[in-house]
Structure formats: C-alpha cells, structure tokens
Amino acid sequence: MASLRRSWLGILTAATLLAAAALALDPRTRALFSDPVAPDELTLAAARDHRGPLLWLDARHGAAYASAHIPEALPLDLDQWDAQIMDVIARWQPGTRVVVYCDDSACSSSRQVAERLRRDYQFDDVWLLHGGWSSWQRALQP
C-alpha cells in the first residue's frame, strides 16, 4: 500500500512539474507575468471592446507609420508634432477615447505623446496600448 502511495505521489509530482515547466516556457504565459498592465494602459482586447468612439494615434517615427500601422490610426510623432496635431484635433471629439501606441512597452514615445495631450490639450480619456505595435502584430498571428 505504501508503495502504491509513493508511486501515485511520484506521478502527481512529475505531472505538476511538467505542467509548471510548460507554463513557464510558453511565451504567452511569460508575458502575463513579466509585463503587467500599467494604470494608464489598455490591453488590445480592452481597446477593441470599447463601445464609444476610438482614436488610434501612432507615436512611432514617420517611416514606421508609413510602413504599417493600425487601420485608421493617425500619426503623431513627437518630432512632427506641429505638422500632425491639427489632424488629430480635427478628428477628436468630446467623448472619444484616445489610444496611443509606439513600438512596444519599452518605447517611451507613446507615453510622452499621451502626457502632452493631457497637459496641453486637456484630452482626458487618453490611454497607452499595452505592448504597443508589437501587441497588434502578435494579435494578427495565427
């Protein structure tokens, strides 16, 4: 009986270790634990679930925007601010949620754009896309 218990305990331990290893090695699981969503960020799913008007702003440099961007996103590059802000203001309406993105979570351009919109233009519903452009690209992969 003790031998049977030890066998079952060994099997359960091995299964638990295998499951933990699989979770630890899966990049989707690692992202959940290693890259928490900041208070001023929205996940892509949360942005897509928003019921009201949504304005996407691409804070990457012009060449990156020209290469590919979220459909209907407007460019708002810090280096081209004066040339691009009027298009943003023309598209924005009260009650519009603004989601700013740049390359990924390590990029600071989206945060700087969002802060400037809040401070200088009193946009109050401004968020950063958690994971940036990289999260959009990952969502498109099968």
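The values are calculated or read from the model by the stated rules, or taken from the named source; none is laboratory data. On a predicted model such as this, the values are computed, not experimentally measured, just so you know. Cβ: placed from backbone, ideal geometry, glycine included. Neighbour counts: every protein chain shown.
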- prompt: So is D58 at pLDDT below 95, surrounded by 14 or more Cβ atoms within 10 Å (Cβ to Cβ) and of a type in the set (D, E) or not?
  reply: no
query: Which of the residues spanning region 113-140 are assigned to a helix (DSSP H, G or I) and small (G, A, S)?
result: A114, G132, S134, S135, A139
message: For region 77-107, give me the residue count where each residue is within 19 Å of the chain's Cα centre (by Cα), surrounded by 12 or more Cβ atoms within 10 Å (Cβ to Cβ) and within 17 Å of A64 (Cα to Cα).
response: 8
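The rows are residues; the columns are (1) part of a helix (DSSP H, G or I); (2) on the phi < 0 side of the Ramachandran plot; (3) modelled with pLDDT of 95 or more; (4) not polar (S, T, N, Q).
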position: L18; (1), (2), (3), (4): yes, yes, no, yes
position: A22; (1), (2), (3), (4): yes, yes, no, yes
position: R28; (1), (2), (3), (4): yes, yes, no, yes
position: A31; (1), (2), (3), (4): yes, yes, no, yes
position: R48; (1), (2), (3), (4): yes, yes, no, yes
position: P71; (1), (2), (3), (4): no, yes, yes, yes
position: D82; (1), (2), (3), (4): yes, yes, yes, yes
- prompt: Just to be sure, is S110 modelled with pLDDT of 95 or more, small (G, A, S) and either within 13 Å of the chain's Cα centre (by Cα) or not in a strand (DSSP E or B) (or both)?
  reply: yes
- prompt: Under 8 Å by Cβ, and 6 or more places apart or on different chains, what pairs join a residue from region 50-65 that is in contact (Cβ under 8 Å) with a residue 12 or more places away in the chain and on the phi < 0 side of the Ramachandran plot with one that is of a type in the set (V, I, T) and part of a loop (DSSP other than H, G, I, E, B)?
  reply: G52/T96; P53/T96; L54/T96; L55/T96; W56/I70; D58/I70
- request: Find all pairs meeting these conditions: Cβ atoms under 7 angstrom apart; at least six residues apart or on different chains; first residue within region 124-135 and over 13 Å from P39 (Cα atoms); second residue at pLDDT below 95 and among the hydroxyl-bearing types (S, T, Y).
  value: G131/S105; G132/S105
field: region 90-104: number of residues that are touching a Leu at 6+ places or on another chain (Cβ under 8 Å) and either touching a residue at least 40 places away in the same chain (Cβ under 8 Å) or among the aliphatic types (A, V, I, L, M) (or both)
entry: 6
